[in-house]
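Engineer: One structure, pasted below without further comment.
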Amino acid sequence: DVKVTQSSRYLVKRTGEKVFLECVQDMDHENMFWYRQDPGLGLRLIYFSYDVKMKEKGDIPEGYSVSREKKERFSLILESASTNQTSMYLCASSRTGSGSGANVLTFGAGSRLTVL
Amino acid sequence: AQTVTQSQPEMSVQEAETVTLSCTYDTSESDYYLFWYKQPPSRQMILVIRQEAYKQQNATENRFSVNFQKAAKSFSLKISDSQLGDAAMYFCASSFGNEKLTFGTGTRLTIIP
């Protein structure tokens with residue numbers, strides 16, 4: 001069964017801490033994504049990576065950075081966590097190209113981050 | 001700006017009945033994909049159905065079907081014979097000519113036994 005695995009399901013951090021959210025996929029997908037999910041706002045794209053070491057800003061990149069050193073792993077970094085970054089973070093991956101699976105996102109279970 | 005709009009924050013339906021969730025979008029692209037995703041309570045987001053914009057035929061997956069009106073930029077999801085397991089948040093999304101998906105704000109569907 002193909003998977004996107006997010007390392008932490010629940011995290012509680014203090015304001016100002018550096019936070020790492022890890023995501024690993026085993027489908028050899030080219031594309032990986034970090035979304036933030038908030039009630040009433042849906043899913044908003046933070047960052048997108050289409051290849052190793054390549055990244056693109058999404059709609060809300062401020063306060064976040066990402067790292068993709070290997071194809072299967074995409075990390076989201078909060079350099080200095082703030083209370084307004086309390087949210088559910090969803091990692092996803094997809095393959096490039098055409099056909100029935102193209103552009104279909106496979107999601108991880110999510111990481112719920114609380115910043116105190 | 002390319003947007004996806006879901007105007008129904010909440011919907012409810014009697015078990016075994018049919019319900020339709022609405023979605024509209026705005027884009028200048030001619031080639032794109034449209035999706036419905038389902039997020040059950042405390043569970044993973046999964047794909048329900050996918051539609052390619054260049055195909056006129058509406059996609060169907062068992063009890064789930066879409067009504068795709070390209071000129072009106074409308075993409076509604078019909079769930080027939082609703083079951084308790086259909087209770088979830090439903091998100092409409094589109095890839096507007098690239099790999100990134102833009103999502104709507106979601107519709108919470110409640111199934112009444």
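Each reported figure results from applying straightforward, stated rules to the coordinates on display, with no laboratory input. Since this is a predicted model, take the numbers as computed values, not measurements. Note that we place each Cβ from the backbone using ideal geometry, even for glycine, and neighbour counts take in every protein chain shown.
Engineer: With θ taken as phi - 60° and the coefficients 6.51, -1.76 and 1.60, list the Karplus ³J(HN,Hα) couplings across the range A:25-33 in order, rounded to whole Hz; mark glycine and proline as x.
Structural biologist: 10, 10, 9, 6, 6, 6, 9, 9, 9
Engineer: Report the relative contact order of chain B, percent, no decimals, based on alpha-carbon pairs under 8 angstrom and at least 6 residues apart. All intermediate terms of the calculation are to be shown ahead of the outcome.
Structural biologist: Working: 283 pairs, mean separation 42.9, N = 113.
Computed value for chain B: 38 percent relative contact order.
Engineer: Can you spot the lysines whose alpha carbon is less than 22 Å from residue B:78's alpha carbon? Ignore those fewer than 8 places along the same chain.
Structural biologist: Once the sequence-local lysines are set aside, what remains near residue B:78 is B:38, B:55, B:70.
Engineer: So if R0 is 22 Å, what FRET efficiency would residue B:98 and residue A:41 give, r being the distance between their Cβ atoms, rounded to the nearest 0.05?
Structural biologist: 0.55
Engineer: Which whole-angstrom value gives the distance between the alpha carbon centres of the range A:60-93 and the range B:52-113?
Structural biologist: So the two Cα centres are separated by 28 Å.
Engineer: While we're here: Quick one: Debye curve from the C-alpha atoms of the range B:1-66, no solvent, what's log10 I(q)/I(0) at q = 0.21, 0.23, 0.29 Å⁻¹?
Structural biologist: Calculated log10 I(q)/I(0) at the listed q: -1.15, -1.31, -1.47.
Engineer: For B:49, A:46, B:112, A:60, what ranking results if the residue with the fewest other Cβ atoms within 10 Å of its Cβ goes first?
Structural biologist: B:112, A:60, B:49, A:46
Engineer: Report, in listed order, any pair from B:73/B:100; A:13/B:100; A:3/A:71; A:13/A:70; A:3/A:70 with a Cα-Cα distance greater than 24 Å. Spell out each step's value before the answer.
Structural biologist: On the way: B:73/B:100 19 Å; A:13/B:100 29 Å; A:3/A:71 14 Å; A:13/A:70 27 Å; A:3/A:70 16 Å.
The pairs that break the limit, which is 24 Å between Cα atoms, are A:13/B:100; A:13/A:70.
Engineer: Give or take rounding to whole Å, what are the principal axis extents of the alpha carbon atoms in chain A, in descending order?
Structural biologist: Largest first, chain A extends 44, 29, 26 Å along its Cα principal axes.
Engineer: Just the Kirkwood number for the protein assembly as shown, please: inverse of mean 1/r across all distinct Cα pairs, in Å, one decimal.
Structural biologist: One over the average 1/r among Cα pairs gives 18.1 Å for the protein assembly as shown.
Engineer: To continue, here is another question. Please work out the FRET efficiency for the pair residue A:51 and residue A:10, using the Cβ-Cβ distance as r and a Förster radius of 25 Å; give the result to the nearest 0.05.
Structural biologist: 0.20
Engineer: Right, next: Given contacts defined as C-alpha pairs under 8 Å and at least six residues apart, what's the relative contact order of chain A, whole-number percent? Please list the in-between numbers first.
Structural biologist: Details: 304 pairs, mean separation 40.4, N = 116.
Over chain A, the number comes to 35 percent.
Engineer: Can you give me the distance in nm between label points at residue B:81 and residue B:12, each placed 7 Å from the Cα along the Cα-to-Cβ direction?
Structural biologist: That separation, rounded to one decimal, is 2.5 nm.
Engineer: Right, next: Measuring from centroid to centroid over Cα atoms, what is the spacing of the range B:1-50 and the range A:24-40 in Å?
Structural biologist: That distance is 18 Å.
Engineer: Please average, across the residues of A:101-108, the number of beta carbons from any other chain that are within 10 Å of each residue's own beta carbon, and give a whole number.
Structural biologist: What the average comes to for A:101-108 is 6.
Engineer: Kindly provide the pair-distance distribution of chain B built from C-alpha pairs, with 5 Å bins from 0 and whole-percent values in order of increasing distance.
Structural biologist: 2, 13, 24, 25, 19, 10, 5, 1, 0
Engineer: Related question: What ³J(HN,Hα) values, in whole Hz, does the Karplus curve 6.51 cos²θ - 1.76 cosθ + 1.60 give for the range A:80-94 when θ = phi - 60°, with x put for Gly and Pro?
Structural biologist: These are the phi-based 3J(HN,Hα) values: 8, 4, 10, 4, 6, 9, 5, 5, 9, 10, 10, 9, 8, 9, 7 Hz.
Engineer: Amide H neighbours of residue A:110 under 5 Å, at least 5 residues apart or on other chains, H built in the peptide plane: list them.
Structural biologist: Excluding prolines and chain starts, which carry no amide H, the hits are A:6, A:91.
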